[in-house]
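The values are calculated or read from the model by the stated rules, or taken from the named source; none is laboratory data. Computed from a prediction, not measured in an experiment: that's the story for all the values here. Glycine gets a Cβ as well: all are built from the backbone with ideal geometry, and neighbour counts include every protein chain shown. Side chains included, ligands, DNA and RNA excluded: accessible areas come from the protein's heavy atoms. Shrake-Rupley method; radii C 1.70, N 1.55, O 1.52, S 1.80 Å.
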Amino acid sequence: KAVVTIGKDMTFRDYAQGSFRMRKVGKGQTIHLCVIPEVKARIDADLYGVCTGSLVLDVPAWLLVNSCRSESLQSLKLLSQELTNGWRKRALQALIAEVVANAFVAKHNTAERMRRFESGPEATMCRACLGPFRENIGFAVDDHVAPPQPFLDILKRQCEEHIMFCISDEDRRRQQELLDQVSRETQVTDHTEIQHGFAAEVVHEQEAEQQQEQEEEQEEEQENVFTRDDEQANPWNVSVLGDTPAMPAMGNQTGTDQPFYKLSTFRVRPEQPLLPVCERLW
């Protein structure tokens with residue numbers, strides 16, 4: 001028997017992958033669904049009117065709805081990234097043109113080049129070209145519950161802020177096509193769901209990055225514990241095997257004349273206890 005827990009952000013793909021860990025489902029192996037009351041209430045709300053009351057039927061149907069919702073959010077995210085990519089291309093071209101012009105015309109020294117974003121006739125333009133590459137890492141928390149804004153309006157406001165990077169007719173045509181596609185897709189999607197979906201996606205990405213960093217740190221610690229980079233070969237003569245071993249003068253330190261040590265003093269780490277063995281064993 002296996003227990004499958006159902007989360008609020010699960011999709012049908014996650015459910016199928018988890019369930020088929022039991023390779024003999026239907027041939028003796030069974031699966032039991034575990035749903036908390038909050039998720040059950042969400043299932044009933046999303047499947048209002050078609051809910052059967054049986055988890056075996058309702059859970060797959062609800063997970064398919066979640067899959068469609070997830071695909072819709074990903075599509076909108078890709079469209080917004082494509083808009084940003086167009087602005088970044090124009091900004092990068094402007095920065096490269098400024099570097100090339102300085103190399104062949106002005107040829108300012110390094111100190112002057114480093115201050116070109118702070119002062120001078122082209123400082124405003126240079127700082128503006130960096131705007132499309134900046135991403136907010138902090139978000140202000142309002143002291144009141146703000147009404148959700150349509151996602152299309154947010155993108156239109158961003159287009160107005162970056163209008164200086166939409167210079168050709170082809171740029172404006174492509175930008176309008178993306179906005180029209182967003183308009184068509186948001187007509188069947190709740191604006192609140194879009195905002196919460198994007199926020200959940202960011203949280204999941206941050207959690208995945210933190211988990212990956214923790215795993216890398218743990219692997220590095222394990223490698224450091226068992227590393228043997230500082231060891232070297234200590235050769236000794238075979239004739240030593242015919243002599244009776246004796247405790248070296250420097251305690252447990254071995255050498256060419258005395259390559260052995262007592263088994264009772266052996267331990268991998270200093271914090272480990274000594275082995276309760278005979279003192280005559282080397």
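Could you provide, to the nearest whole Å², the per residue accessible area of region 46-183 with probe 1.4 Å?
68
Residue 266's amide H: which non-local residues (gap 5+, or another chain) put their own amide H closer than 5 Å, with H modeled 1.01 Å from N in plane and none for Pro or chain starts?
Amide H neighbours of residue 266: 275.
So how much slack lies between residue 158 and residue 187, counting 0.36 nm per residue of separation and subtracting their Cα-Cα distance, in nm? Walk me through the numbers before you get to the answer.
Values: separation 29, 0.36 × 29 = 10.44 nm, distance 1.99 nm.
Additional length available on full extension: 8.5 nm.
Roughly how many Å is it from the Cα centre of region 29-101 to that of region 128-181, as a whole number?
20
Just to compare against my own numbers: the Cα pair-distance distribution for region 29-161, 10 Å bins, whole % per bin, please.
Here the calculated profile for region 29-161 is 9, 22, 20, 18, 13, 9, 7, 1.
Once label points are set 7 Å from the Cα along Cα→Cβ at both residue 44 and residue 261, what is their separation, rounded to one decimal in nm?
Using points 7 Å along Cα→Cβ, the separation is 6.9 nm.
What length, rounded to one decimal in nm, is gained on full extension from residue 174 through to residue 123, with 0.36 nm per residue of separation minus their alpha-carbon distance? List each step's numbers first, then the result.
Working: separation 51, 0.36 × 51 = 18.36 nm, distance 2.91 nm.
Using 0.36 nm per residue and subtracting the Cα-Cα distance, I get 15.5 nm.
For residue 8 and residue 271, what does the FRET efficiency come to when R0 = 30 Å and r is the distance between their Cβ atoms, rounded to the nearest 0.05?
Working from the Cβ atoms, E equals 0.10.
Given labels modelled 7 Å from the Cα in the Cβ direction, how far is it in nm from residue 103 to residue 134?
The modelled label-to-label distance comes out at 2.7 nm.
Pull up all non-local amide H partners of residue 4: gap of 5 or more, or a different chain, and H-to-H distance under 5 Å with H placed in the peptide plane.
HN-HN under 5 Å from residue 4: 32, 33, 34.
So, R0 is 51 Å and r is the distance between the beta-carbons of residue 236 and residue 17; what FRET efficiency does that work out to, to 0.05?
0.35
Test of understanding: what is the full-extension gain from residue 78 to residue 141, defined as 0.36 nm times their sequence separation minus their Cα-Cα distance?
20.1 nm
Under 10 Å from the Cβ of residue 168, count the other residues' Cβ atoms, weight Lys and Arg +1, Asp and Glu -1, and hand me the total.
Every neighbour counted, the sum reads +1.
Under 26 Å Cα to Cα from residue 156, which lysines show up? Leave out anything in the same chain fewer than 8 places away.
77, 89
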